[in-house]
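Working notes, beginning with the structure itself.
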Amino acid sequence: MKIIRYEDSSRTIQYAAERAAGSYLRIEGKPFGKVSLTQEAASIRRILAPAAPVAIWCIGQNYRQHATEVGMNPGEYPVAFMKSVNTVQHPGEPILIPSHAGTSELDYEGELVVVIGKSCKDVSRERAFDFVAGYACGNDVSARDWQLKKGGTQWCRGKSFDSFAPIGPCLVTPDEITNPNALRIQTTVNGRVMQDGNTADMIRDVPALIEFLSQSTTLLPGTLIFTGTPHGVGMAQKPPLWLKPGDEVSVTIEKIGTLTNPVV
């Protein structure tokens, strides 16, 4: 099932399932609990990010070719960091260049996002999928100057400005994606393909990430896990390709769809 989160004509937040020909039927309940499909057509005013997260975990340097292109050693343990929840942006809505803080090095990172559906802690990789509500496309937007030069060696500042975590266009349930580590992933900027990889290139796969992040740590329903980005980021281009006002960034993942956001 492909599930969207949306605002209806009365500005109430609802969920709906995609049906044939792009139509949607309203769902009773939420993806993190029991849901039932109604026969009522969804009255969609605005499509929202498919989850309103309680936490956003991110993994860096998790694709072999990306680690090589940026000259970083992935190391013995995953590179984990967090984005604050204010970063979430809806499909079609703008990535905002931080006007007060300022950046001259705005970059894209197309990523597979895992949405946790049930509270879990100390999960084994064998049981990891039991706690997944679904998958979405994400863009780990990054101000590289703040990430690498002004952040005091910590990445979170350069990745936590408003709108720096677009997700969407929907939540795809695990029954439709039995292996999240066999999906083609592409990022385009103004129609030009910049990233073209496969989640099979992950150094640590999705079960390994859930096992690692849940060690002595409770992952609550609605937690997002950005699983890393493939090769082709803007900072690795020669010369670097930084996002600018008027650009349009699209992240497409096999079996999920396309997430598109303009830059303003």
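The values are calculated or read from the model by the stated rules, or taken from the named source; none is laboratory data. Keep in mind it's a predicted model, so treat the numbers as computed, not measured. Here Cβ is always computed from backbone atoms with ideal geometry, including for glycine, and neighbour counts include all displayed protein chains. Side chains included, ligands, DNA and RNA excluded: accessible areas come from the protein's heavy atoms. Shrake-Rupley method; radii C 1.70, N 1.55, O 1.52, S 1.80 Å.
Among the residues of the range 44-98, which ones are at pLDDT 95 or above, part of a strand (DSSP E or B) and in contact with a Pro (Cβ under 6 Å, 6 or more places away or on another chain)?
Answer for the range 44-98, where residues must be at pLDDT 95 or above, part of a strand (DSSP E or B) and in contact with a Pro (Cβ under 6 Å, 6 or more places away or on another chain): Ile47, Ile59, Gln89.
Restricting to the range 247-263, count the residues that are open to solvent by less than 60 Å² (accessible area, probe 1.4 Å) and either more than 22 Å from Asp145 (Cβ to Cβ) or at pLDDT below 95 (or both).
The number of residues fulfilling the criteria is 8.
Applying the selection to the range 35-73, what residues are among the charged types (D, E, K, R) and free of Cβ contacts under 8 Å to residues at least 40 places away in the same chain?
Residues satisfying the conditions are Glu40, Arg45.
Please tell me if Ala136 is open to solvent by 20 Å² or more (accessible area, probe 1.4 Å), farther than 15 Å from Val249 by Cα, of a type in the set (Gly, Ala, Ser) and not in a helix (DSSP H, G or I).
So Ala136 fails the test.
What's the total number of residues in the range 152-164 that are in a loop (DSSP other than H, G, I, E, B), free of Cβ contacts under 8 Å to residues at least 60 places away in the same chain and at negative phi?
Within the range 152-164, residues that are in a loop (DSSP other than H, G, I, E, B), free of Cβ contacts under 8 Å to residues at least 60 places away in the same chain and at negative phi number 0.
In the range 116-129, how many residues are within 21 Å of Lys2 (Cβ to Cβ) and surrounded by fewer than 20 Cβ atoms within 10 Å (Cβ to Cβ)?
2
Taking the range 19-44 only, how many residues are surrounded by 12 or more Cβ atoms within 10 Å (Cβ to Cβ) and more than 19 Å from Gly138 (Cβ to Cβ)?
Within the range 19-44, residues that are surrounded by 12 or more Cβ atoms within 10 Å (Cβ to Cβ) and more than 19 Å from Gly138 (Cβ to Cβ) number 15.
Every residue, every condition in (1) open to solvent by 10 Å² or more (accessible area, probe 1.4 Å); (2) part of a strand (DSSP E or B), yes or no:
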| site | (1), (2) |
| --- | --- |
| Pro166 | no, yes |
| Ile177 | no, no |
| Asn181 | yes, no |
| Gly197 | yes, yes |
| His231 | yes, no |
| Leu241 | yes, no |
| Pro245 | yes, no |
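Considering only residues that are open to solvent by less than 60 Å² (accessible area, probe 1.4 Å) and free of Cβ contacts under 8 Å to residues at least 24 places away in the same chain, which ones fall in the range 140-151?
Within the range 140-151, Gln147, Gly151 meet the criteria.
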